[in-house]
Amino acid sequence: MSTAAVPFLPDNAPFTPEQRAWLNGFLAGIFSRADSAGAPRAQPPAPTPLLIAYGSQTGTCEGLAKRAAKEAKKRGFAPNVRDMAEVTLSTLAQTPAALLITSTYGDGEPPDNAKTLHAALASAGAPRLESLSFSVLAVGDRSYAKFCQCGKDFDARLTALGAKPVAPLVECELGHAAVFAKWLDAALAALPTTEGSARSAVLDPPSAMPAEEPEPLYSRENPFPAPVLAVRRLSAVGSAKEVNHIEFSLEGSGLAYEAGDALGVAPLNDPELVADVLAHLGATGDEPVSTPAGERPLRVALTEHLDLGKPAAELLAALKLDAAAAPHQVLDALAAARNGKPAPAAFAATLRPLQHRLYSISSSPKAHAGQVHLTVGAVRYETGGRTRKGVASTFLAERALAADTVRIYVHSNKGFRPPADGAVPAIMVGPGTGIAPFRAFLHERRATGAQGRNWLLFGDQREATDFLYRDELLALRDDGFLTRLDLAWSRDQTAKIYVQNRMLENAASLWSWLEAGAHFYVCGDASRMAKDVHAALLQVVETAGGMTPEAADQYVAALVAAKRYQRDVY
């Protein structure tokens, strides 16, 4: 009895059609030969289709999805990595197995590329999904009240629609590689597999796996000690804000970045804060304690490795403090404790790892060869009778130059790039430190000879004190490269004016740029500014484009899907 030939190599194998056909025939001949007993050898089973969908604002979850795909392929799956913007309810209804990896930003919101799927799943008309087996990895930052909310939403809604969660949802903070690896191992082990190719047509052909790239010498796990070239204040004396321009040398690092990427910074805690914590503990700082990097003296651990910000539940429990009291920092919790001083080793065990910070890069590798620049607002405020300082922002402002080097790495953000075609116009909305990536975009487009028009909407509190990169921007405008520069100063007149007001004032022009193919970019605060700019964009499309609110929603969603509306928000 004859059986239909099953190809050994998939259509996306890295060979020409002729080479693939020859190899399939060659392998079929080998496996069809009778063994010593005269019985033909069995064909190997076809790999199991697996959808891996990511929701990613800055590229972190996209990177995790690709890592998951590599491991899944080793275990006999045919992984199909998809941006959530490309995943529909119909896709999920026809999918046997899926892994969802998503971040959360702002006030518990889905990342931009996951918004459409998130809304579709929440709708009353969402279909039943009994045929889907899935697991969710939710990535987030515990300093936010709605930690990992988007992942929780996906997990709850999929379950409510009848999909089977084969492994429990896992919440993962940035940089916790072990948590990701444990989740992935459990999920892949629990997902159903198929024998033969009966279900192989359910998914589109698997995405071609990227070629293995050599691991960079310096990365998040091993940051580069970058020499600090300059730290200079951008905001003028009298400003309510302190914004600094920081320059690092990349010479000898092998690190490469693109305009739109972010820079990871491994900060050090304020030595005065460390001294205060040691005093409350009655410790010398020489006591050995455990850290994520191994055993270290307590002072080194508190300076380089452990988070002294918002106290974890474990510390509050150890100090017998009511979580409702909500101590602002670890030091507040120690000061409020009534049951004595914890031993250094026990105390250190209750602290979270000190997290790296990501900042939008404000330089272009083509215009600033061998360097990388940041634009950082220093965070300082008073509460509870103490002066509080942003860990990384004040480290860079106050101590980076004296330290000589700062540990850094490049964080790729492929979802935030200037137009690949230099002829395409670009509209950039970046008030305050949101100017950072657009300084990079402008220098990049100028260095590459891009002919597309450039429109920047920038603003802050006062023109006299808060016009960041004033001379650079005015020079770009005056020589015609920066086609339009619209400014919004909120405190220079009685009525506050913001960038979204400038958008509405120039609705007809903005609409004509969009209709001419312009890409629309936003960078800055997610909780207020980005929402207001999004609402203004919808209003521009409605009024200048003559659309209904529903049609305007669809128009803007199409911009997102076409990657013509990109946001770098935090």
The alpha-carbon center of segment 264-281 and that of segment 383-397 are separated, in whole Å, by 11 Å
With a cap of 14 neighbouring Cβ atoms within 10 Å, and only residues DSSP puts in a loop, list the GluC sites (Glu not before Pro) found in segment 115-179. Glu130
Could you tell me the calculated FRET efficiency between Ala562 and Ala122, based on Cβ-Cβ distance and R0 = 30 angstrom, to the nearest 0.05? 0.80
With all protein chains present, segment 53-101 has a carbon and sulfur share of its accessible area (1.4 Å probe) in percent of 48 percent
Sorted by average packing, counted as other Cβ atoms within 10 angstrom per residue and highest first, what order do 468-475, 371-378 take? 371-378, 468-475
By the scheme Lys and Arg +1, Asp and Glu -1, what is the net charge of all other residues having a beta-carbon under 12 Å from that of Thr116? -3
Can you tell me, using C-alpha contacts under 8 Å and at least 6 residues apart, the relative contact order of the chain as a whole percent? 12 percent
Using a 1.4 angstrom probe, figure out how much accessible area the chain has per residue, in square angstrom, rounded to the nearest whole. 46 Å²
Hey, can you rank 54-64, 239-249, 282-292 by average C-beta count inside 10 Å, highest first? 54-64, 239-249, 282-292
Could you tell me the center-to-center distance, by alpha carbons, between segment 491-553 and segment 71-118 in angstrom? 29 Å
Relative contact order of segment 271-320, please, whole-number percent, based on alpha carbon pairs below 8 angstrom and at least 6 residues apart. 26 percent
Can you say what percent of the DSSP beta bridges in the chain, counting only those with both residues inside, are antiparallel? Round to 5. 45 percent
How much of the accessible area of segment 326-384, in percent, comes from carbon and sulfur atoms when a 1.4 Å probe is used? 54 percent
With a 1.4 Å probe and every protein chain left in place, tell me how much accessible area Arg352 has, in Å² to the nearest 10. 60 Å²
Give, as a single signed number, the net charge of other residues whose beta carbon lies under 13 Å from the beta carbon of Lys146, with Lys and Arg counted +1 and Asp and Glu -1. -3
Listed residues Leu191, Ala403, Ala349: farthest to the positive end of the dipole of the chain (Cβ charges): Leu191
Where does each of Thr48, Thr543 land when they are ordered by accessible area, with a 1.4 Å probe and the largest first? Thr543, Thr48
Taking the Cα centre of segment 279-383 as origin, work out the dipole magnitude from +1 charges on Lys and Arg Cβ and -1 charges on Asp and Glu Cβ, in debye rounded to 20. 220 debye
Using a 1.4 Å probe on heavy atoms of the protein chains only, the accessible area for Glu463 in Å², nearest 10, reads 70 Å²
In Hz, Karplus ³J(HN,Hα) per residue of segment 94-109 (6.51, -1.76, 1.60; θ = phi - 60°; x = Gly, Pro): 9, 9, x, 8, 8, 10, 10, 10, 9, 9, 10, 9, x, 8, x, 8
To the nearest 500 deg cm²/dmol, what mean residue ellipticity at 222 nm is calculated for the chain from DSSP H runs of n ≥ 4 alone, each contributing -39,500 (n - 2.57), summed and divided by the residues? -9000 deg cm²/dmol
Rounded to the nearest 10 Å², what accessible area does Lys496 show when all protein chains are kept and the probe is 1.4 Å? 110 Å²
Cβ-placed point charges (K, R +1; D, E -1), dipole of the chain about Cα centre in debye, nearest 20: 480 debye
Compute the FRET efficiency between Thr494 and Thr193 as 1/(1 + (r/R0)^6), taking r as their Cβ-Cβ distance and R0 = 56 Å, and round to the nearest 0.05. 0.25
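The values are calculated or read from the model by the stated rules, or taken from the named source; none is laboratory data. All figures in this text were calculated on a predicted structure; none of them were measured in a lab. We place every Cβ from the backbone using ideal geometry, glycine too, and count neighbours over all the protein chains shown. Ligands, DNA and RNA are stripped out before the accessible areas are found, and what is left, the full protein with its side chains, is counted by its heavy atoms. Shrake-Rupley method; radii C 1.70, N 1.55, O 1.52, S 1.80 Å.
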